[in-house]
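Read the figures in this text as sums done on the coordinates, not as results from a lab. Computed from a predicted structure; not experimentally measured. We place every Cβ from the backbone using ideal geometry, glycine too, and count neighbours over all the protein chains shown.
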Amino acid sequence: MNFVVNHENELLLNTVRNFMEQEIYPHEEMVDRTGEVPEELGREIEKRSKELGLFACNLPEEVGGGGLDYAAMHLIEREYGKTSHALHAWAARPTEILLACEGDQHDRYLTPCVTGEKRELFALSEPEAGSDVMGMKSNARRDGDDWILNGSKHFISGPCMPDFAIVFAATGEDERPRGPRKRITAFLVDVGTPGFDCRVGNKCVSYRGYNTYQLSFDDVRLGPEQILGEEGRGLELAGKWLGMGRIWVGACCCGKAERILDMATEWAAGRRQFGQPIGRFQATGFRLADGAMGLRAADLLVADAVSRAERGAMEDADAAMVKVFCSEMLNRVADDAVQIHGGMGLMEELPIQRLWRDSRLERIWDGTSEIQRHIITRAILRPLGA
Ligand SMILES: Cc1cc2nc3c(=O)[nH]c(=O)nc-3n(C[C@H](O)[C@H](O)[C@H](O)COP(=O)(O)OP(=O)(O)OC[C@H]3O[C@@H](n4cnc5c(N)ncnc54)[C@H](O)[C@@H]3O)c2cc1C
């Protein structure tokens, strides 16, 4: 689908497409095979993305970012979705949560992320608390003006070893009518702080080369100036930006589905069995038709959510619908594409198996499909008091 509404965005789309053709696509196969992005390649992508104005393009101009609006970011994220996070993440879009930085935090964390001098991680998930965020064990207790952080995080992802992590930890409990509820606070924790260990963790078969990190905190002393936002308001802060993150997951899924459908279509037209192209068999052709319909619907859902976000009218359930619909559409398209390719679909010589593996993650990270459906259900039932 064509979402370009003005000349500026048309130029932007051309820039991103050329960037992908020149800096990203040529390295996909090597990165997947070796499971890593060589540092010099990552730095080259970073450098080129800065030259083209793509680095930190999501952040406002006031803080040094590219100041792109949601319509422009939609185009970018949809294009990036066609490739691996391991590569496009080097053209960073730092997390908008950093806009909550105040005072010295600007110079220490936000500005270096905008210029590319520093890289951050967003550390919420824990080994025993994934979907159940409130089950987190990480905690920080007061010690005078300082805080002492203990606990661990896993599956925390990024393209390279970070300089600091935005770490969510319980800093006490609030009494609520339904019982006590953890107060969650976001801390800015520098790699190298005594007691903080950050190392490469589990290897994921989706987006090989995009690292997950394992973080552990053993009596890590943090000053009050390392709290991001307000004490006890960490989840509200994260929630402000998580919705847009889910919409960008949806946009990425649409981009990837389009690329996969193109490959499947080409194969269905070129591969002959029983004397004719396999696309002429309804069983194959209908898979392409269903894929095209699913993609069109998903694209429209993303566009609707983007327009709601632009009007300041986007709700959690809108983002959840995008996340679950687009990621499940992508997985159907990817699975059908493997089927259309037959045995060759699973061979390393073709990129289909990689795109199929990459697609699988989209239903899990940023909140699983099941959790998104809970969010949608809650929004439907709440007005009825159920
Ligand atoms: C490659 C990768 C990168 C990631 N990057 C980050 C990151 O940068 N930062 C970060 O904080 N996290 C990150 N995550 C973590 C990710 O967000 C979690 O994996 C995800 O939220 C699911 O948590 P879990 O893996 O613990 O699964 P679980 O919570 O254990 O869920 C397992 C299954 O149970 C289901 N389930 C759980 N609760 C319910 C329920 N109430 N109702 C119905 N079904 C339920 C789930 O839907 C799922 O199917 C990453 C994960 C991966 C794999």
### Peptides ranked, highest mean first, by Cβ atoms within 10 Å: ranges 245-257, 320-332
245-257, 320-332
### Query
Between TYR25 and ASP335, what is the spin-label point distance in nm, taking each point 7 Å from the Cα along the Cα→C-beta axis?
2.9
### Query
Using helices alone, what [θ] at 222 nm do you get for the chain, with -39,500 (n - 2.57) per DSSP H run of 4 or more residues, divided over all residues and rounded to the nearest 500?
-14500 deg cm²/dmol
### Task
Mind jotting down the three principal axis lengths of the chain based on Cα atoms? Whole angstrom, largest first.
80, 55, 41
### Query
What size of dipole, in debye to the nearest 20, comes out for the stretch 1-149 about its Cα centre when the only charges are +1 on Lys and Arg C-beta atoms and -1 on Asp and Glu C-beta atoms?
180
### Query
How long are the three semi-axes of the equivalent ellipsoid of the stretch 3-128, in whole Å, if each is the root of 5 times an eigenvalue of the C-alpha gyration tensor, listed from largest down?
23, 21, 14
### Query
What are the residues whose amide H is under 5 Å from the amide H of ALA92, where those residues sit 5 or more places off or on another chain and H is modelled from the backbone?
ALA56
### Query
Once amide H atoms are placed 1.01 Å from N in the peptide plane, what residues at a sequence separation of 5 or more from ASP218, or on another chain, have their amide H within under 5 Å of its amide H?
PHE196, ASP197
### Query
To the nearest µm²/s, what D does Stokes-Einstein give for the stretch 256-386 at 37 °C and 0.692 mPa s, using the Kirkwood radius over alpha carbon pairs as Rh?
203
### Message
Just want to confirm a number: the relative contact order over the stretch 237-384, from Cα pairs under 8 angstrom separated by 6+ residues, in percent.
### Response
32
### Message
Taking every alpha carbon pair in the stretch 120-232, what does the distance histogram look like in 5 angstrom bins from 0, in percent?
### Response
2, 12, 23, 23, 19, 11, 6, 3, 1, 0
#### Entry: the chain, relative contact order [Cα under 8 Å, separation at least 6], %
15
### Free-standing Cys residues across the chain, given no other cysteine C-beta under 4.7 angstrom
CYS57, CYS101, CYS113, CYS160, CYS198, CYS204, CYS252, CYS254
#### Entry: Full-extension gain in nm, THR34 to ASN14, via 0.36 nm per residue minus C-alpha separation
4.2 nm
### Query
If amide H atoms are built 1.01 Å from N in the plane of the peptide, which residues on other chains or at least 5 residues away come under 5 Å of the amide H of TYR210?
ALA86
